[in-house]
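The values are calculated or read from the model by the stated rules, or taken from the named source; none is laboratory data. Note that this is a predicted model, so its numbers are computed, not measured. No Cβ is skipped: glycine too gets one built from the backbone with ideal geometry, and neighbour counts run over all protein chains shown.
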Amino acid sequence: MIMYKSAIFLFFIIVSTSNKYVIAENDEDTSTDLYVIEGKVFPWENGASNGWQLMTHVMANGGEHYGFLREDGTFIISNVPSGSYIIEVVNPNCVYEPVRVEINSKGKFRARKVNLIQTSQVIQVPYPLKMRPLTPFRYFQVREQWRVTDFLFNPMVLMMILPLLLIMIIPKIMNDPETRKEMEQLNNFTNYNMPEMSEVITSFLSGGEKQKSKAVKAAKKRQ
Amino acid sequence: MAPFVRSFRGNIHRFLIDVQILQYLIILVGLFNLSLCLYEDQVGKFDWKQNYVGKIKFASFDTVSAAKKIIVATEENVIAALNLKSGQILWRRVLEKGYGGQIRALGGVTDGDLVSVSGGVPAIVRAWDLATGHILHEWPIAEQNHDRIKDVKWHIKDGTLHHILPIYNSAVEVTSYDSKTGDKLKTRRVSAPFITQETECVLAAPYLACLKGDSSLAVLLLVHLFDTHSQPQSVTINTIFGAGAQGPYHLESILGEEPIISISADNNQRKRILLVGEVPVPIQRDIVGDAALYVVSIDNEKILLETTYKNGVTEIVASELLTSKPMPNISTSVTHNSLLSPTIIASVCPRQTKGVTCRHLLASEDHSVALLQHNKLIWAREEALANIVAVEIIELPMSDRDQEIETEFDQKESIDVDSSWDVLSMMFRRIGSQLKQAKTFLQSILSLTPQQSNQRMDLVRDKFGLHKMIVLVTSAGKLYGIETRKGEIIWQLRVRGIRGFSKRSDAIILYVQRGSRHFPYPPQCVLLAEDKQTGEGIVYTFNPITGQPLDGLVKLGYRIKQSMLLHVTTDDFLRGILIFDIRDKVHVYPKGATAIAASIAKNTYIFTADQTTGILSGYSLSYSTSQELISHKVWELLLSPKNQRITHVVSKNPIERVHSQGRVLSDRSVLYKYINPNLVTIVTEGVGHTHKNTLNLYLLDVVSGAMIFSIMHKRVRGPVHVVHSENWIVYSYFNEKSRRTEIASLELYEGKIQSNTTVFSSLTTTKLPIVERQAFIFPAAIESMRETITEKGITSKHIIVALANGGILELPWMMVDPRRPINPEVREEGVIPYMPEIPIHMDAIINYNQSVFRVSGIHTSPSGLESTCLVFVHGLDLFYTRVAPSKTFDVLKEDFDYYLIVIVLAALLISSYITKKLASQKAQKQAWK
């Protein structure tokens, strides 16, 4: 029922009569006039559960004055002296943009966007306030889903698969005669090009024999 | 095929490079991904929240709505509806803080609507929906009379709100409003020329009863408020009490629907009742002075309920009001732990088919609320927890089995010298304890009943030291022990007749004298407070795990000015406390610790700060003898109370450890931190016209009295919150000029050379530190701030900030680092470039949507894990959770894939076997060829 109602309110623009009435004007001291800030809070379209009004209140200047929501979402903050107020909607589920409301000593209202860095910049917003939720709060991290790519790029899996690949593929490559030749060429090439000390000694000592045995092996394979 | 091989090689190479880049990336992300948030399935796993309403001020049963409930309004400015069956909060509305939201009247529940009057001048009238708690109407009362708001009486009846103000020496002004629209209906003046400032008046609607005079000639005057033509009726005290009653008299309106008042006489020894009506009817029966009265009506019959409390037994005696005929079927007597001299604040006695069953809502002296139904206590709420003044988090003791092992190695002191210890007896003890272990194991297997233990089985220390006991001291003088896993109250203890130190904004001090690590000795906590009557100091020791009082209440006989927990222990591991009285005399508690205290007196200093005089003084105990401690003033500083008022004196957490001594700069040199354990932050707010809206912050070395640093902010006002830790101070204030909350941070460095690498001495270090400072814009109002603390201080520090919108933010200190460079080209490791505004990340809100309101303090405590810090937030709600500022680097992640690692290992094992087999087969084949 409430959801239905709030939905209606979302679609219709409510013309709210801005009755900036002044209390206690009978008093001789005019500077102590108190004003009423009014506005309306809209629920998050889909998430407007029952009792969202109960979870929500409106706060001026971090708790100096409170405003509570009626069932239709409208609120008033009473007993506010002239000055500047940041109006925030406190709701644990949705983000609302705060609004700065300024009331001058003559009782004129101006609502503008809060800009804490450039405090002189004025972007006016309509008054009476219409507070609309920007987005629902996201308090939680999303747990990572199990994905194949994640699994494959897992270092442990990589550790397992790479040697496997090496074991499986390299003998296959070696079996191919052309590649073998090329490899040998490459080997010879590197052998002659980069005469490392140890290599030189090993080739000097047992180079011929190694070649021989390799050749024998290759011959065997060919059979 | 060659290109393939080459490209394959290249791939490996690239892959290696990629891995390196990935590593860098991970590190980078680790550095900059500062948000440490929960996963959604972790809700309620590490945290719990409890809601409270506070001490009940007004209450009434809602019997009109379909769902029966109890409506309460409290001292904490809360209006709430409680479930009749369970006492749970159905809905709760938190009004403005302090004076601006003070609830002055609550009414209209019997008419089906709820009207509250709250606030100062002008008061705000709010009408609430009984069932849902929505606001229906809100309007401010037009009357403005700042001085008289205390004398105003409110009466809410039939949708009309009456504002009743006695005007001295002339009349009573009654203004009636429509409670829904705020329309002024009528203003009446009922003549009452006898009312003066001293007249004691109570409301017994529709009458106002006033007591005139104090002697035996005192007269009770009754004014009908809604009949302007009527004359005040007068009843003499003698017609009520008969002759011989002695003053002073005291007038009280009896709660309930009927206009009945009670007058007490003979120094509150006895009281009598007067039915107020067209013809006032005094009841000629004496009632005990300390009985709490309530009048309830059953079928138009008025029943008087007298509640008395003696030796733990609460007795409710019912009698017919007019005839004083006792009604034993309604009278009850209850013995229950959570009742302490209770008074009935609301009662309802509906007639049912079985007969009359009464429900009484009882409010105890210790702020707890209970519902009594036909001599059975249905539920009780510990509302004292809404006003916590001191918190300590204490480790739980070891389990019985661990304790046995501990006793086994008990004689390790004798091991040291010449191995003369008895090997045989040790072996016997070991075998004995192992037999016992085997026995318990067998018992658990055979599911026999475990042997009776003097402790609850689950209240033992866990592996990571995460399960602890929170010891709470409330302003009502009630102590609680709450375990951290579920938030269950384990024990509660009442200390009667104490109050907080009135000079220190009602603070009660709680010290842990002995933790639970010294097994044969029980853990011990000590409470320091003031006596309610005399204002002299009291000491109360108790066991924080079981809640057993140890020495009982000790009256000290002097007023306490300052106190200190010694860092050395006596032979039985008890840390003594030094108490400094207002005549500058030093006492040690317990007395047995005097020798220990005297042995370190040469290096012991005490400082005091007086808010009223603005004098800060430092005392040295170096003149002490071994029998007596003598204090000697060494320095004094005056912060003139004409210009400024001391609001905060913040020292570092004494259990804090600083792990890293310096900070590595981009050129690989080290900037050493100025870590002075004696440094205290003093914040003063300007007073007077010229100094209004200024804020001063002083850093004072309280041993030498040296002023290390001071800063003044102009056009700035409170609320100020200060966090002081390691070598930095972070404080927040409201900038009047730019109308925003700002957080400023200071950081102190010794420079590139460390003056003394081993120990810091305030007396030898004369060089002033380098102070780095910076201010940031904070886009929310702050209620409270506290830094996280861990066992060894290796984990980076975060600041826990309670926001006014109910969130609790975990703000990395890195964000308020004063060395954040303004020039983006200057790069330092782990330093984010300066940005004026600190963003509030939603996933850093550690209490997600569990908003906590009216936060009064945050307590942090290290756990057994270096990475984890326990956080307890108190205020109107209690919230407990744990945070890991540098992520849980010392425990496996909760979602660690055990299966994956098992599968991978198994696969590796199997594949190695298979390949071995294959290889051998191949070798065999080749051998055959």
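Please enumerate the residues belonging to region B:734-769 that are part of a strand (DSSP E or B) and among the small types (Gly, Ala, Ser). Matches in region B:734-769: B:Ala744, B:Ser745, B:Gly751. Residues in region B:138-148 include at least one that is away from chain A (no Cβ under 14 Å) and of a type outside the set (Gly, Ala, Ser).
Return yes when B:Asp113 is surrounded by fewer than 15 Cβ atoms within 10 Å (Cβ to Cβ), touching a Gly at 6+ places or on another chain (Cβ under 9 Å), touching a residue at least 24 places away in the same chain (Cβ under 8 Å) and of a type in the set (Asp, Glu) and no when it is not.
On the way: surrounded by fewer than 15 Cβ atoms within 10 Å (Cβ to Cβ): no; touching a Gly at 6+ places or on another chain (Cβ under 9 Å): yes; touching a residue at least 24 places away in the same chain (Cβ under 8 Å): yes; of a type in the set (Asp, Glu): yes.
When the stated conditions are applied, B:Asp113 does not pass them.
Does B:Glu628 satisfy the condition of being more than 23 Å from B:Val771 (Cβ to Cβ), at pLDDT 90 or above and not small (Gly, Ala, Ser)? The answer is no for B:Glu628. Criterion applied to B:Gly614, B:Gly618, B:Gly537 was being buried (at least 18 other Cβ atoms within 10 Å of the Cβ), within 17 Å of B:Gly497 (Cβ to Cβ) and among the small types (Gly, Ala, Ser), and the one residue passing it is B:Gly537. The set of residues in region B:595-606 being buried (at least 21 other Cβ atoms within 10 Å of the Cβ) and in a helix (DSSP H, G or I) consists of B:Ala597, B:Ala601.
Please determine whether any residue of region B:141-150 is out of contact with any helix residue (DSSP H, G or I) (no Cβ under 6 Å at 6 or more places or on another chain) and modelled with pLDDT of 85 or more. Give the derivation first.
Here is the first cut: in region B:141-150, the ones out of contact with any helix residue (DSSP H, G or I) (no Cβ under 6 Å at 6 or more places or on another chain) are B:141-150.
Applying the additional criterion that residues be modelled with pLDDT of 85 or more yields none.
No, region B:141-150 has no match at all.
Does region B:590-600 include one or more residues that are under 28 Å from the mean Cα position of the chain (by Cα) and not small (Gly, Ala, Ser)? Scanning region B:590-600, I find at least one residue that is under 28 Å from the mean Cα position of the chain (by Cα) and not small (Gly, Ala, Ser), so the answer is yes. For region A:59-84, taking the residues that are more than 8 Å from chain B (Cβ to nearest Cβ) and among the hydroxyl-bearing types (Ser, Thr, Tyr), the one that is nearest to A:Lys108 (Cα to Cα) is identified as A:Ser82. Note on region A:137-161: residues that are within 7 Å of another protein chain (Cβ to nearest Cβ) and within 30 Å of A:Thr56 (Cα to Cα) amount to 6.
Please specify each residue of region B:83-137 satisfying the condition of being basic (Lys, Arg) and either under 16 Å from A:Val36 (Cβ atoms) or facing chain A (nearest Cβ under 9 Å) (or both). Give the derivation first.
First, the residues of region B:83-137 that are basic (Lys, Arg): B:85, B:92-93, B:97, B:104, B:126.
Listed by number, the residues that qualify are B:Arg92, B:Arg93, B:Lys97, B:Arg126.
Just a yes or no: is a residue in region B:60-70 within 13 Å of chain A (Cβ to nearest Cβ) and either modelled with pLDDT of 90 or more or over 29 Å from the mean Cα position of the chain (by Cα) (or both)? No, region B:60-70 contains no residue that is within 13 Å of chain A (Cβ to nearest Cβ) and either modelled with pLDDT of 90 or more or over 29 Å from the mean Cα position of the chain (by Cα) (or both). For region A:82-131, a residue qualifies if it is within 14 Å of A:Val36 (Cα to Cα), crowded, with 17+ Cβ neighbours inside 10 Å and of a type in the set (S, T, N, Q), and exactly one does: A:Ser82. B:Lys737 falls short on exactly one of the conditions (1) under 32 Å from the mean Cα position of the chain (by Cα); (2) among the charged types (D, E, K, R); (3) within 19 Å of B:Gly686 (Cα to Cα), and that condition is (1).
For A:Val142, the conditions (1) surrounded by 14 or more Cβ atoms within 10 Å (Cβ to Cβ); (2) touching a Phe, Trp or Tyr at 6+ places or on another chain (Cβ under 9 Å) are fulfilled apart from (1).
Looking at this structure, is B:Arg773 more than 27 Å from B:His874 (Cβ to Cβ) and either out of contact with any strand residue (DSSP E or B) (no Cβ under 7 Å at 6 or more places or on another chain) or of a type in the set (Lys, Arg) (or both)? Talk me through it step by step, then tell me what you get.
Working: more than 27 Å from B:His874 (Cβ to Cβ): yes; either out of contact with any strand residue (DSSP E or B) (no Cβ under 7 Å at 6 or more places or on another chain) or of a type in the set (Lys, Arg) (or both): yes.
It is true that B:Arg773 is more than 27 Å from B:His874 (Cβ to Cβ) and either out of contact with any strand residue (DSSP E or B) (no Cβ under 7 Å at 6 or more places or on another chain) or of a type in the set (Lys, Arg) (or both).
Checked against (1) part of a loop (DSSP other than H, G, I, E, B); (2) at pLDDT 80 or above, B:Ile263 passes all but a single condition, namely (1). Cβ-Cβ distances below 6 Å connect no pair with a first residue in region A:152-177 that is in contact (Cβ under 8 Å) with a residue 24 or more places away in the chain and within 24 Å of B:Leu905 (Cα to Cα), a second residue that is of a type in the set (Phe, Trp, Tyr) and surrounded by 12 or more Cβ atoms within 10 Å (Cβ to Cβ), and a separation of six or more residues or different chains.
Residues in region B:413-455 that are at pLDDT below 60, in a helix (DSSP H, G or I) and surrounded by fewer than 10 Cβ atoms within 10 Å (Cβ to Cβ): 1 in all. Highlighted here are the strands (runs of 3 or more DSSP E) found entirely within region B:146-216 that include at least 2 residues which are among the hydrophobic types (A, V, I, L, M, F, W, C) and under 18 Å from B:Phe58 (Cα atoms): B:153-157, B:200-204. It is to be established whether one or more residues within region B:801-817 are modelled with pLDDT under 90, in contact with an Asp or Glu (Cβ under 8 Å, 6 or more places away or on another chain) and more than 14 Å from every other protein chain (Cβ to nearest Cβ). Scanning region B:801-817, I find no residue that is modelled with pLDDT under 90, in contact with an Asp or Glu (Cβ under 8 Å, 6 or more places away or on another chain) and more than 14 Å from every other protein chain (Cβ to nearest Cβ), so the answer is no. Among the residues making up region B:319-362, those that are more than 29 Å from B:Ala384 (Cβ to Cβ) and of a type in the set (Gly, Ala, Ser) are B:Ser319, B:Ser324, B:Gly355.
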